[in-house]
1. Provide a single number: the residues in the stretch 155-184 that are under 17 Å from Gly100 (Cβ atoms) and part of a helix (DSSP H, G or I).
2. Which ones in the stretch 96-126 are under 19 Å from the mean Cα position of the chain (by Cα), not in a helix (DSSP H, G or I) and not aliphatic (A, V, I, L, M)?
3. Can you pull out the residues in the stretch 179-205 that are more than 20 Å from Pro141 (Cα to Cα) and either modelled with pLDDT under 95 or in contact with an Asp or Glu (Cβ under 9 Å, 6 or more places away or on another chain) (or both)?
4. Checking Asn173 against (1) surrounded by fewer than 17 Cβ atoms within 10 Å (Cβ to Cβ); (2) on the phi < 0 side of the Ramachandran plot; (3) without any contact (Cβ under 8 Å) to a residue 60 or more places away in the chain, only one condition comes out false. Which one?
5. Against the conditions (1) small (Gly, Ala, Ser); (2) in a helix (DSSP H, G or I); (3) surrounded by fewer than 22 Cβ atoms within 10 Å (Cβ to Cβ), where does Gly206 fall short? Just the number, please.
6. If His106 passes every condition in (1) on the phi < 0 side of the Ramachandran plot; (2) surrounded by 15 or more Cβ atoms within 10 Å (Cβ to Cβ) but one, which one does it miss?
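The values are calculated or read from the model by the stated rules, or taken from the named source; none is laboratory data. Keep in mind that what you see is a predicted model, and the values were worked out from it rather than measured. Ideal geometry is used to build each Cβ from the backbone, glycine not excepted, and the neighbour counts take in all protein chains shown.
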Amino acid sequence: MTIAINVFITIFVLVFLGGAFCVFFDQAILTRKGTVYRVRTPHKKIALTFDDGPSPEWTPKILKALSKAGIKATFFMVGHHVYNYPQIARQVADEGHEIGNHGYAHSVILYYNSAEIEEEIKYTEKVIKDITGHTTNSFRPPKAWLRKSIKDKIHSMGYNIVLWSLNSKDWVNFKHQFIVNYLAKRVKRGDILLFHDSGNVLGTEGGDRSQTVLAIPLLVKKLENMGFEFVTVKELLDTKDENIQV
């Protein structure tokens with residue numbers, strides 16, 4: 001009995017620590033080398049990005065909030081969701097937002113070989129192109145996990161690997177005021193901000209993005225008052241200056 005209790009306690013502690021790690025530490029910091037996560041720019045421009053969509057419930061609400069705020073964003077789409085919700089994917093494109101590639105099934109690609117990663121990206125690229133008319137050239141790996149050889153392969157395919165410098169952690173369901181204040185205290189020129197328009201802890205669909213929707217107008221107003229301009233990732237990259245340190 002004592003052994004069973006000890007095993008249970010050990011498992012509980014490991015799960016708790018794993019959850020705390022995911023909530024309070026951004027693992028993307030460990031894989032930033034060789035990726036775009038902040039852009040060297042002389043301008044106070046930043047990019048707002050959304051992962052894991054499109055979602056039939058939350059993406060339209062986020063699009064409405066973005067439209068009211070008068071800004072464009074970049075949506076890194078899961079190919080399977082584009083296939084299942086083509087009208088929502090087309091709406092994102094029709095409203096002038098940039099579309100990036102987030103893989104077909106949100107699979108962690110850390111141990112993919114070269115052929116597997118090419119198939120994953122190219123097939124997702126085809127699905128997005130067929131449905132939205134947009135050809136993607138930016139890829140964001142699910143969970144940000146990838147090794148150097150895979151980075152090299154992705155670059156050889158003509159893709160930028162785009163991570164982020166600021167993580168809203170909106171999937172945790174923090175209150176929108178907390179999210180906005182957290183980001184506003186840390187934002188710098190050239191930052192790429194991560195939000196989600198779909199997904200929860202256990203999957204890439206579902207979830208509650210109500211705080212994300214509420215955060216958008218408050219974040220835009222606050223950061224614009226600080227002199228920042230919201231642009232797409234492509235527009236941000238177009239302002240890149242190699243002589244500037246980040």
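1. 1
2. Within the stretch 96-126, Gly96, His97, Glu98, Gly100, Asn101, His102, Gly103, Tyr104, His106, Ser107 meet the criteria.
3. Ile179, Leu183
4. Checking Asn173 against (1) surrounded by fewer than 17 Cβ atoms within 10 Å (Cβ to Cβ); (2) on the phi < 0 side of the Ramachandran plot; (3) without any contact (Cβ under 8 Å) to a residue 60 or more places away in the chain, the one that fails is (2).
5. (2)
6. If we test His106 against (1) on the phi < 0 side of the Ramachandran plot; (2) surrounded by 15 or more Cβ atoms within 10 Å (Cβ to Cβ), just (1) comes out false.
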